[in-house]
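Reviewing the structure listed below.
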Amino acid sequence: MMHLLPVYPVAGLILWAAVSITLHRYPLAQMAVTALALLSAWAVSLILLYTATFSGPIVLLVGNWPAPFGITFVADRLSGLMTVTALTVSLCVWLYAAFSTAREATGQGFYPAMLAMIGGVCGAFLTGDLFNLYVWFEVLLMGSFVLIALGGGRKQLEGALKYVSVNLVSSALFLAGAGILYGALGTLNMADLAVKMHLQGMPMLSSAVAALFLCAFGIKAALFPFFFWLPAAYHTPPAAVNALFGALMTKVGVVAMIRVFTLIFNHETEVTHTLLLILAGVTIAVGALGAYGQWEIRRIFSFSIIGQIGYIIMGLALNTPLALAGALFFMIHNMIVKTALLLTGGIAGKLMGTEDIRRCGGLYVGRPLLAYAYLLCALSLAGVPPLSGFFGKLALIRAGFDAGAWAVTAVAVAASFLSLGYGMKVWMYAFWGPLPAGIPDTAPGMRSPSVESSARGMIWAVAALIGLMLLLSVGAGPLMRFCLATAEGLLDPREYLQAVLGQGGGALK
Amino acid sequence: MNSVILRTGTVYLRPLLLIFSVFLLLGGHNQPGGGFTGGLVAGLAFVLEALAFGLDQARRTLRVHPLTLVGCGLLLSAMSAFFSTLLGKPFMTGTWWVWHVPGWGELAVGTPFFFDLGVYFDVLGVTCLIIFSLLNAGEAEGKT
């Protein structure tokens, strides 16, 4: 029974998406089905994580074809951790979407597309096959295309168009890379690729293919030269969609990158990982500066997503256990806190009627809860000590010093101050500062009852995320130890290889 | 579009296309064809109907909303993929039933067929959804 489980968060969610499409006339039933699907997948992912931690990776051979030939699903610590986090965040976004007023996010297509997209995300985390990874990318993109175009104003479609075309280019690069690997090594199974790469290698080609994957996943992850599509596309759809994208889409690219660069392309690190380190540094700087220059809440935090991707890639590029552990911790923290911030931005925008912080103000007066929620998240994002953001950054910066990567570490520290800066900018303008003249007040009772009640409901989603963030801050020690163990498993993948390939995997090292 | 040739042609082509689509669907297991091509050809029958007799007529002939078709198709495919797990085998393991049909031989029906059937309905539904929406937009534009 246990070996069947890894497929549930993937195919199970798609099955539920199908159920929810057939219910397209009944929005309430769709909503309930989505909750049921997410909750069950979440429970399964917890079991996966527990089992992967205490009794090693769970391997599922799809269609009963043995490992290097068929498609495998592997639930190891990394994929288990990411699946659990992704589904937890998705549940909170569901809560937000359930309370947002009817036409905003919950058209006919919202819930099925959301389920299909999350199913694709889990598939990308759990698959052990390179071509299958491509397939899950396409599945999640298909869902995301629907989500990003839903409701479709002109501005939104413009963002969607950029998003679609850029992602098509990325998919083409990915496919080319996978094709070259298959041509050279005759396999697409990631574990088998790792072994073959180690035993026979690919002189000359290895770095070229690694660069192809770097570009393909870099586009998905919004890494430095490829980040331009993200701010254009992310802030236009409704906040629920925006939060889902911010939490999941870029992280899928990052996790794929971590998987590929620790498992397959880990031989010529002086080329690939140096390049990664430079890109990470520039990404951190560009993201932080870009966020500082924006004036709309969700635009600010869209840019901030880019900067934070840089931190995670920095951890990958440093390639030490501490750096990778820091990157993983930071990624989990970021998925939770960024979602909370984007949702808070959505609520504030709903209350004020605009997200331009120059035209907002005084939200603190009538909405102290929302204001404190925002403040906690913004401080955590910047990495202020007792909160969760601090621990991930601490590990990363410490690893940077250990590796002697002074430049990128300095950039990372400086960008932390900048992120405190833009976090406080929003606080000063939208929450603390006075209301500009001529803008209507937002104190309770001044708005229509439907906006009031939906804002009251939506704050629960933010509260849940903040609860998770505080849990992460309190439980930072155990989680960091877990991340360290995961990182060591990534750097020495014998356990993974043996789980997938049986004894053949022992050939490595 | 008002054309006697198109309308008369459609009357004869429609059943042929539908039968051919089923032929493609069934033959697809071992020969070129399958649920995808079959679904496209079946979609063609309804597109032709919409062009010749109008959108409303095509919607009536299809009877169900294209989205329902997509949902049911996806459901069928997903369930056929999950079926083997009920027997304790890994996900997507093919399960076959063989019947001896008197005077013909063995008839093997398996979960891959139901998977393909789901794909058939998916493609049919999506084709109709896209073309109907485009025709709808075109008609609305033509009226204004």
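No value in this document is a laboratory result; all are computed from the given coordinates. Because the structure is predicted, anything quoted here is derived from the model rather than measured. A quick note on method: Cβ atoms are made from the backbone with ideal geometry, for glycine too, and the neighbour counts reach across all protein chains shown.
Some observations on this one:
- Farthest toward positive dipole pole in the protein assembly as shown [+1 Lys/Arg, -1 Asp/Glu at C-beta], among B:Gly110, B:Leu40, A:Ile306: A:Ile306
- Stokes-Einstein D for segment A:268-474, Kirkwood Rh over Cα pairs, 10 °C, 1.306 mPa s (µm²/s): 91
- Computed as a quarter of the hull surface, the mean projected area of the alpha carbon convex hull for segment A:338-420 stands at 6.2 nm².
- Distance between the pseudo-spin-label points of A:Tyr26 and B:Tyr12 (7 Å out from Cα toward the beta carbon): 4.6 nm.
- Cα gyration tensor, the protein assembly as shown - rounded (a/c under 1.5), prolate or oblate: oblate
- Counting every other Cβ atom within 10 Å of each residue's Cβ, A:Ile180, A:Ile21 order from fewest to most as A:Ile180, A:Ile21.
- Considering only A:Leu185, A:Gly315, A:Gly392, the residue lying farthest towards the positive end of the dipole of the protein assembly as shown is A:Gly392, judged by Cα position with unit charges set on Cβ.
- Anisotropy class of segment B:66-113 from Cα gyration tensor, a/c 1.5 cut: oblate
- Simple spin-label estimate for B:Leu107 and A:Thr53 gives 5.3 nm between the two label positions (7 Å along the Cα-to-Cβ direction from each Cα).
- Normalised by 2.2 N^0.38 Å, where N is the number of residues, the alpha-carbon radius of gyration of segment A:73-202 equals 1.27.
- Average beta-carbon neighbours from other chains, 10 Å sphere, peptide A:16-26: 5
- Number of partner chain Cβ atoms within 10 Å, mean per residue of B:67-75: 6
- Among complete DSSP H helices in chain A, those whose alpha-carbon atoms stretch at least 30 Å along the helix's long axis and whose mean Kyte-Doolittle hydropathy reaches 0.0 are A:27-55, A:77-99, A:154-185, A:239-263, A:269-292, A:297-318, A:321-352, A:406-426, A:449-474.
- The long axis of helix B:111-143 is offset from the longest Cα principal axis of chain B by roughly 10 degrees.
- Relative to the Cα centre, the charge distribution of the protein assembly as shown, modelled as +1 at Lys and Arg Cβ and -1 at Asp and Glu Cβ, gives a dipole magnitude of about 1060 debye.
- Lys/Arg +1, Asp/Glu -1 at C-beta; the protein assembly as shown dipole; positive extreme among B:Thr68, A:Phe99, A:Ala415: A:Phe99
- Per-residue Cβ neighbour rank within 10 angstrom, fewest leading, A:Thr274, A:Thr250: A:Thr274, A:Thr250
- Distance (nanometres) between label positions extended 7 Å along Cα→Cβ at A:Glu268 and A:Asn64: 4.3
- When both segment A:257-307 and segment A:161-198 are represented by their alpha-carbon centers, they are found 21 Å apart.
- Average partner coverage of B:89-101, which counts Cβ from other chains inside 10 Å: 4
- Cα extents of segment B:4-143 along the three principal axes, largest first (Å): 58, 34, 23
- Unit charges on C-beta of K, R, D, E only; dipole of segment A:268-474, Debye: 500
- The ranking of B:Val64, A:Val19, A:Val462 from fewest to most other beta carbons within 10 Å of each one's beta carbon is B:Val64, A:Val19, A:Val462.
- Taking the C-alpha atoms only, the angle from helix B:66-86 to the longest principal axis of chain B is near 10 degrees.
- Hydrodynamic radius of segment A:237-298 per Kirkwood, over alpha carbon pairs, in Å: 14.0
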